[in-house]
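Nothing in this text is a laboratory measurement; each read-out follows from the coordinates by a stated rule. Owing to the predicted nature of the structure, the values given are computational and were not obtained by experimental measurement. Neighbour counts run over all protein chains shown; Cβ positions are idealised from the backbone, glycine included.
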Amino acid sequence: MSVDGFIADPDDSLGGADGNRLHHWGQEADGETFRTDGVAGQLMAEYNATGAVVAGRRTAEITDHWGGSHHGMPIFVPTHRPPGPTVADQPLVTYVQDGIESAIAQAKAAAGDRDVLVHGAYTGQRALEAGVLDEIQIHQIPILLGRGRRLFDVLPREIELEIVRVIDTPEATHLRYRVKR
């Protein structure tokens, strides 16, 4: 996320003219491979240790459902509409039409004792509103984008957070919060 709260450009690229500016902290110089060493490697290992993913429809479709598998894990997409025909060929992708609570519950069941990763601003906001999001992790990049898609554009109320971890690097400040209930 940029310092001014954006997670994507207005055209839904991932931040910056090259479409990946907000992810440089975790990437090798080739811009395709994620780092496996240092802080970035530690955070990517945590990311890849999740057992299931809940992703908003917009995010899932922009990424073409990550090819049908998000780092080998099942993907649950909360939505009000049925999936498009291409999802039929992606057995690890499940469209959930009965709410964010159901999508999170199904993802937790699929993940077993591992964490569930939530992708997408709108989906994260709905999970916060429903009280089913336990933690928030933000990789804050030292850049001001000035416009785009905000991570916390619309929240139902003030939500208290407890700091769990802060890791500061030259490329990003990595913040992890627990949602207070």
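Points to keep in mind about this one:
- DSSP bridge pairs, the chain: antiparallel proportion in percent, nearest 5: 60
- Here the chain is treated with +1 on each Lys and Arg Cβ and -1 on each Asp and Glu Cβ, and its dipole about the Cα centre works out to around 500 debye.
- Sum of -39500 (n - 2.57) over DSSP H runs of 4+, divided by residues of the chain (222 nm, nearest 500): -6500 deg cm²/dmol
- When the charge dipole of the chain is built from unit charges on Cβ atoms (+1 for Lys and Arg, -1 for Asp and Glu) and taken about the Cα centre, the candidate among 104, 47, 75 whose Cα reaches farthest toward its positive end is 104.
- Taking 36, 63, 79 and counting other C-beta atoms within 10 Å, the order from fewest to most: 36, 63, 79
- The stretch 50-133, dipole about Cα centre (Lys/Arg Cβ +1, Asp/Glu Cβ -1), debye to the nearest 20: 100
- Cα-based shape type of the stretch 71-129, given that a ≥ b ≥ c are square roots of the gyration tensor eigenvalues and the cut on a/c is 1.5: oblate
- Global geometry of the chain, whether rounded, prolate or oblate, following the gyration tensor of its Cα atoms and the 1.5 cut on a/c: rounded
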